[in-house]
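Worksheet for the structure shown next.
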Amino acid sequence: MPRLDPDRLFPPEERTRAIARALYEGVKDLPIISPHGHTDPSWFAENQPFPDPATLFVKPDHYVFRMLFSQGVSLDSLGVPRADGGEVETDGRAIWRRFAEHYYLLRGTPSRLWLDYSFENVFGLTDPFGPDTADAFYDHIDAALKTEAFRPRALFERFNIEAIATTESPLDDLRHHRTIAESGWGGRVITAYRPDPVVDPDFPGFTDNLAKFGEIAGEDVSTWAGYLAAHRNRRAYFKEVGGATSSDHGHPTAHTENLGEAEAAALYETVRTGRASAAEAEAFRGQMLTEMARMSLDDGLVLQIHPGSRRNHSGAILQKFGRDKGFDIPGRTDFVQDLKPLLDAHGLDTRLTIILFMLDETTQSRELAPLAGVYPALRLGPPWWFYDSPEGMMRFRQNTTETAGFYNTVGFNDDTRAYLSIPARHDVARRVDSAYLATLVATGRLGEDEAHDVAHDLTYGLVKKAYKL
Amino acid sequence: MPRLDPDRLFPPEERTRAIARALYEGVKDLPIISPHGHTDPSWFAENQPFPDPATLFVKPDHYVFRMLFSQGVSLDSLGVPRADGGEVETDGRAIWRRFAEHYYLLRGTPSRLWLDYSFENVFGLTDPFGPDTADAFYDHIDAALKTEAFRPRALFERFNIEAIATTESPLDDLRHHRTIAESGWGGRVITAYRPDPVVDPDFPGFTDNLAKFGEIAGEDVSTWAGYLAAHRNRRAYFKEVGGATSSDHGHPTAHTENLGEAEAAALYETVRTGRASAAEAEAFRGQMLTEMARMSLDDGLVLQIHPGSRRNHSGAILQKFGRDKGFDIPGRTDFVQDLKPLLDAHGLDTRLTIILFMLDETTQSRELAPLAGVYPALRLGPPWWFYDSPEGMMRFRQNTTETAGFYNTVGFNDDTRAYLSIPARHDVARRVDSAYLATLVATGRLGEDEAHDVAHDLTYGLVKKAYKL
Amino acid sequence: MPRLDPDRLFPPEERTRAIARALYEGVKDLPIISPHGHTDPSWFAENQPFPDPATLFVKPDHYVFRMLFSQGVSLDSLGVPRADGGEVETDGRAIWRRFAEHYYLLRGTPSRLWLDYSFENVFGLTDPFGPDTADAFYDHIDAALKTEAFRPRALFERFNIEAIATTESPLDDLRHHRTIAESGWGGRVITAYRPDPVVDPDFPGFTDNLAKFGEIAGEDVSTWAGYLAAHRNRRAYFKEVGGATSSDHGHPTAHTENLGEAEAAALYETVRTGRASAAEAEAFRGQMLTEMARMSLDDGLVLQIHPGSRRNHSGAILQKFGRDKGFDIPGRTDFVQDLKPLLDAHGLDTRLTIILFMLDETTQSRELAPLAGVYPALRLGPPWWFYDSPEGMMRFRQNTTETAGFYNTVGFNDDTRAYLSIPARHDVARRVDSAYLATLVATGRLGEDEAHDVAHDLTYGLVKKAYKL
């Protein structure tokens, strides 16, 4: 018998709850569109079974292992792979038991919601997860994963995914996307152009990346013109071979520049030859956002900016375990000043779509909603990362709708590498949006008929339009 | 039959809602006091009919046209006048249809609330507004505007306005206020002294403005002493002829200075002769706030500060359409450091009232409530601009009351040039305050009898006291 | 008959309220653990009656007198002692009447809740407090204070305090703690090591304090090694004689440093000899946080950091009345950058506990929850000062739980010198946590059984564990 509350995340007051329920009813079965994320395209290309519960749920999910680590559980003991080649726990069941023992630490977090949803809705497990049920869960999930029904493509269909985007570097040959396309399988798995490795002078291996970039693009990247041509070349390849409709940029800030041709070329020369100061590296990243916007005007890719993470806060963890281990901490962002050069250049162009994501909630009402509420090129991405959660999503709507409305937002992104959490995350977003809309209806701010239209747009219409899917 | 929910903006839970309803009942018919705003005094002086629906509702309302612009509707097509003399749409009905077609973009915004309220309560239009009803609305409103009952003075009385303040530059001769006074009409329309054009060295035409200022004031503004005398002179004129009880200052930051006499005089000389650096311009604006406080000690005008807008973010729009076109974006403000010179000089003086407005909500609980909760001269203005909305008002109370209480706030300002929205805006404020107070009562934080007193104070008592009206 | 609402601070919706009520029922009678605060140990050592109502409730409570001052009531007239030796009101009853007359100013504030709670639950006074009841309240409280039942130790027992920490400077000889220990009385009153007077070069009398510090510790503080040894010495004394389990540090920012030995010694020499610039003073405070963390690894004291107050904003008040008079205003804090040196040095050490407090709520979701959600050494202290209030506490849970969970928080601190408010404050915290948990349960985010466990942990378990009590 199901343990998940069918009314979860709806407002407790009964009349408002009934409205939320009706709104949710209208969108809960809509197909999932996942326009930005980090699933591995090889899953869909090779369609191999996922190895075991710990590898699926624990080792790759920094939301999970960072919380256990914060309470003294070592990353090694959770099987998190080490960058320095050191040994880590390999016994899946031992990892799983450790996870179960500390599952209470996730109380009140979105990870807890996603996991409970997956256990119940994907695996049919309705007992509370914890030390007492750890082995039973492990056995059940492990057995399920070995069946056809739990292979990546079967889950893709079961999850009712209409389209999903992965994220690749320009150095990627998109072989998995080609394999998928040639396989005859109907699932739509597209890529997104994420050039950080050849745009960010502070990216590990930047100089080598540049060399490889020139090679793979067949362009002479020793010149600014050749470097830009290489981007145009690879963007075209990503569109054609990978079905890309967007590029994506993960920068420490939202800084942009719009330098003159000669100045930009000189800056590139400095950067290319590894002589860039911190300020020059920042300027170069900023200049490239404006260049990417210009290319978007030609090739139609949507420009996504994910700014504001101060990555790898612990040097010791970076050295031992590498990137993306939960030590990326947000910082204050000033979108208004930082985006001005780009917006002065192209912000009024109705052909361009720039989607802004944020890790600094204070910018929602003060900067992002005012900017997106007036610049035709701007749209607001959904709450991201630490804010991809019931409270985070609710605050986002409360902070942005009054100034930017609904139609300058772009629906939901799951932005995840945790495949099984995808339906759970979209479900949370649909519930929270239904709850928010129900509150507007119950307080006389929106008609119920309109709320149904908006719910559909927030779930399906806006994401298709914004991402051209 | 009415379409507006009579319980709109009240908490959905029934017991709390009943308390809110009772509190609102006690204040809903109180007269409107509008101590700060931007209505045009010529309306009341000349009492001419408003020309047509588009000119009344669309062309001048940047809340409305910015949202449409953000979704690709050109400002020209909405009849927004151009600063560069270019042609724009002049067909009122065409503009109105364009507005109706995009009315759904305003869902969830306060503009939507204000407009629906005006349609229903001012014009008796209870159908949903949209493409299907656009022409009917246009015809009905257009016909109404041609009647006596919809002339500015008749609406003033119908809106139950006890007093309204406009905002004029020291260069204004207040002819409209004189006309009103001499007309024998009983409506109280007062001015406020807004000296930005002769205080802000970055204001367009600053040098010319200074020359005109000297002339109109009959003072030699080539000296610091003469310049200050001109201000005193014009303030006296604004009090006497325009009934002013306040000055108002729209500065990029809350920066203040308290320079010595000689230093201030030297800075003025730099500014007057057009040689001020950005830092000197900032210092001068800051010095003038302190000077204005000193003049307030003599003449009793209340000092309003509206800081934190980064104006005219798009250079292209400024050039084509001019100021106030929706491209003013808030910035972070540091009141604690910025106000220290002024507060050190006069912040403990119980004779002085300084009303602070904010566009950076993070300062509400961190800076403004702690400052206003201790300095006798400080009061907090209501949520302004992007925050003059149900969520914005509710957050303001939640963020400030626990530290500053109710009695360091000053009631509501509509701060608008949209005349028909005035009763709608005051109604929203009264409803949100009733909702907030009802929540305090329902959670045992305030007695219901006290809540009635506070509701009255928030609606009527505090604004009269703070603005000396 | 009681006037306090037995359901106060619970969500109004009935089903959620019932859950909150049940959760509160399970924790309301748990003993109070007060691990950080500013009560006076002489109260418990000497167990003398409190002198009179005004001295107990008004004169020392900056929450109260600042609000009255902000509305024009002079501090002198409230009996707030002057630092410059000037005379102030000494008539307790006159002060009390002034307080009653302005009691309405506290509507909506936590002080109001605490006071009403104390009047009713400590003194049995259930009439509304105000001008009409001022004298009756005064007489009743004054008479009660003269009885045995209202002496400090009797109240300690009646308040069901299991342990309370005071805060002392290293220059304190802990005589009161010794007296308590030797008295045979069973109450657990411990100290905390607060070395600001000998760590902060900007502290009044810093150089003299250093000399006294060397003397009292029996170390040669003219050297860096001797200075550190003096700290180790006094920390050991505080542990042994005062039962300390923590140190505490009130710094303007969260800045930390981890300088090399020689560099640190040189900086100390600069500081010791009174030649430190503002930047060097900041660096020294920052270095000392890291040194204290290192000592904690040896002696086990928990490290508390209270950053972000810009103290003594009004120079005039500082001069006339001294410190802690309500003029300490928060500032923006950047924990991510500021704490990096300390966290790089010791943040991954599971033996260390660093408790972070904040006066800048924007850091809760953006910085503090992400940091505490990954660094094993970090924990989040409860809402402090202006945020020790129903809305502040609720926002804290909403902003931090999704990223840091419950188990990286440490329960409640009352942090007060207002003895009678202690049970009131803990009651507010228990109610708000119950309300928050009830909302999670009612929205399907947490099981009700789990919520009971968490409520117990938030009230009792986490504070004991974090503070080793």
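Can you divide the C-alpha Rg of chain A by 2.2 N^0.38 Å and report the result to two decimal places?
Working: Rg = 22.4 Å, N = 469, 2.2 N^0.38 = 22.8 Å.
Its radius of gyration relative to the 2.2 N^0.38 Å reference: 0.98.
Considering only chain B, what is the antiparallel percent among its DSSP beta bridges, to the nearest 5?
Just about 10 percent of them are antiparallel.
Taking the simple approach of a point 7 Å from Cα along Cα-to-Cβ for both residue C:147 and residue C:132, what is their distance in nm?
For the pair residue C:147/residue C:132, the computed spacing is 2.6 nm.
Find how many whole Å separate the alpha carbon centroid of the range C:180-252 from the alpha carbon centroid of the range A:207-273.
If you average the Cα positions of each part, the centres end up 58 Å apart.
Can you work out ³J(HN,Hα) from phi for every residue in the range B:122-133, in order, using Karplus 6.51 cos²θ - 1.76 cosθ + 1.60 and θ = phi - 60°, giving whole Hz and x for Gly and Pro?
Running phi through 6.51 cos²θ - 1.76 cosθ + 1.60 with θ = phi - 60° gives 8, 10, x, 8, 10, 6, x, 7, x, x, 5, 10 Hz.
Please work out the FRET efficiency for the pair residue C:351 and residue B:25, using the Cβ-Cβ distance as r and a Förster radius of 56 Å; give the result to the nearest 0.05.
Given R0 = 56 Å and the Cβ-Cβ separation, E is 0.35.
5 Å is the cut-off here: which amide hydrogens, built 1.01 Å from N in the peptide plane, fall below it relative to residue C:248, excluding neighbours closer than 5 in sequence?
Answer set, sorted by chain and number: C:193, C:194, C:304.
Over the range B:278-385, with the other protein chains present, what is the accessible area per residue in square angstrom, probe 1.4 angstrom?
Here the residues of the range B:278-385 average 24 Å² of exposed surface.
Tell me, which residues of the range C:301-318 get at least 30 Å² less accessible area when the other protein chains come in, versus the chain alone (1.4 Å probe)?
The answer is C:310, C:313.
Whose amide H sits under 5 Å from the amide H of residue A:161, counting only residues 5 or more places off or on another chain, with H placed in the peptide plane?
Hits under the 5 Å cutoff: A:32.
Would you mind computing, in nm to one decimal, how far apart the modelled labels at residue C:84 and residue B:82 are, each placed 7 Å from Cα along Cα→Cβ?
Going from the residue C:84 label point to the residue B:82 one covers 6.4 nm.
Accessible area per residue for the range A:51-150 in Å², computed with a 1.4 Å probe and the full protein assembly in place, what is it?
It amounts to 37 Å² per residue over the range A:51-150.
Using a cut-off of 20 Å between alpha-carbon atoms, which lysines can reach residue B:28, once sequence neighbours fewer than 8 places away in the same chain are excluded?
B:464, B:465
Report the FRET efficiency, 1/(1 + (r/R0)^6), for residue B:139 and residue B:185, where r is their Cβ-Cβ distance and R0 is 30 Å, rounded to 0.05.
In this case the efficiency is close to 0.50.
So what does residue A:126 come to for accessible area, using a 1.4 Å probe and Å² rounded to 10?
Solvent-accessible area, nearest 10 Å²: 40 Å².
Under 8 Å for C-alpha pairs, at least 6 residues apart: give me the relative contact order for the range A:106-253, rounded to a whole percent.
Relative CO of the range A:106-253 lands at 20 percent.
Can you run phi through the Karplus equation (6.51, -1.76, 1.60; θ = phi - 60°) for the range B:87-104 and list ³J(HN,Hα) in whole Hz, with x for Gly and Pro?
7, 9, 4, 10, 7, x, 5, 5, 4, 4, 5, 4, 4, 4, 4, 9, 4, 4
Given the DSSP H assignment, sum -39500 (n - 2.57) over each helix run of at least 4 residues in chain C and divide by its residue total; what's the result at 222 nm in deg cm²/dmol, nearest 500?
Mean residue ellipticity, 222 nm, calculated: -14000 deg cm²/dmol.
Going by the alpha-carbon gyration tensor, a ≥ b ≥ c the square roots of its eigenvalues, is the range B:50-150 rounded (a/c under 1.5) or, if a/c is not under 1.5, prolate (a/b greater than b/c) versus oblate?
oblate
Could you tell me what percent of the accessible area of the range A:324-467 is made up of carbon and sulfur, with a 1.4 Å probe and every protein chain present? Could you put the intermediate results ahead of the total?
Working: 1310 of 2900 Å².
Roughly 45 percent of what the probe reaches on the range A:324-467 is carbon or sulfur.
Could you tell me whether the range C:354-469 comes out rounded, prolate or oblate from its Cα gyration tensor? Rule is a ≥ b ≥ c as square roots of the eigenvalues, rounded for a/c under 1.5, then prolate if a/b exceeds b/c, otherwise oblate.
Verdict is rounded for the range C:354-469.
Beta carbons within 10 angstrom, averaged per residue: use that to sort the peptides C:425-433, C:324-332, highest first.
Highest mean packing first, the order is C:425-433, C:324-332.
Could you tell me whether the protein assembly as shown comes out rounded, prolate or oblate from its Cα gyration tensor? Rule is a ≥ b ≥ c as square roots of the eigenvalues, rounded for a/c under 1.5, then prolate if a/b exceeds b/c, otherwise oblate.
On the way: a/c = 1.35, a/b = 1.00, b/c = 1.35.
Here the protein assembly as shown falls in the rounded category.
Calculate one ³J(HN,Hα) per residue across the range A:8-13 by plugging θ = phi - 60° into the Karplus curve 6.51 cos²θ - 1.76 cosθ + 1.60, and present them in order as whole Hz with x for glycine and proline.
For the range A:8-13, the Karplus-derived couplings read 4, 6, 8, x, x, 5 Hz, x marking Gly and Pro.
How big is the accessible area of residue A:146 in square angstrom, nearest 10, if you roll a 1.4 angstrom probe over the protein chains?
Only protein atoms counted, so the area is about 130 Å².
Under 16 Å from a point placed 7 Å out from the Cα of residue A:278 along the Cα-to-Cβ direction: which residues of the range A:220-264 have their backbone N that close?
A:252-255
To make sure I understand the rule: partners must be lysines, Cα under 22 Å from the Cα of residue C:340, and not fewer than 8 residues away in the same chain. Which ones qualify?
Residue C:340 reaches A:320, A:325.
What is the Cα centroid distance between the range B:347-373 and the range C:340-387, reported in whole angstrom?
Using only Cα atoms to place each centre, the spacing works out to 29 Å.
Total accessible area buried between chains A and B, 1.4 Å probe, in Å² to the nearest 100?
Buried surface at the A/B interface: approximately 3700 Å².
Please report the relative contact order for the range C:51-149, taking Cα pairs under 8 Å with a sequence separation of at least 6, and give it as a percent rounded to a whole number.
Across the range C:51-149, relative contact order equals 29 percent.
Obtain the nm distance between the two label points defined at residue B:236 and residue A:15 by a simple spin-label model: each point lies 7 Å from its Cα along the Cα-to-C-beta direction.
Roughly 6.0 nm, to one decimal.
The values are calculated or read from the model by the stated rules, or taken from the named source; none is laboratory data. None of these values were measured; they are calculated from a predicted model. Neighbour counts are summed over all protein chains in view; Cβ atoms, including those assigned to glycine, are modelled from backbone coordinates with ideal geometry. Quick note on the areas: whole protein, heavy atoms, side chains included, nothing else; ligands and nucleic acids left out. Shrake-Rupley method; radii C 1.70, N 1.55, O 1.52, S 1.80 Å.
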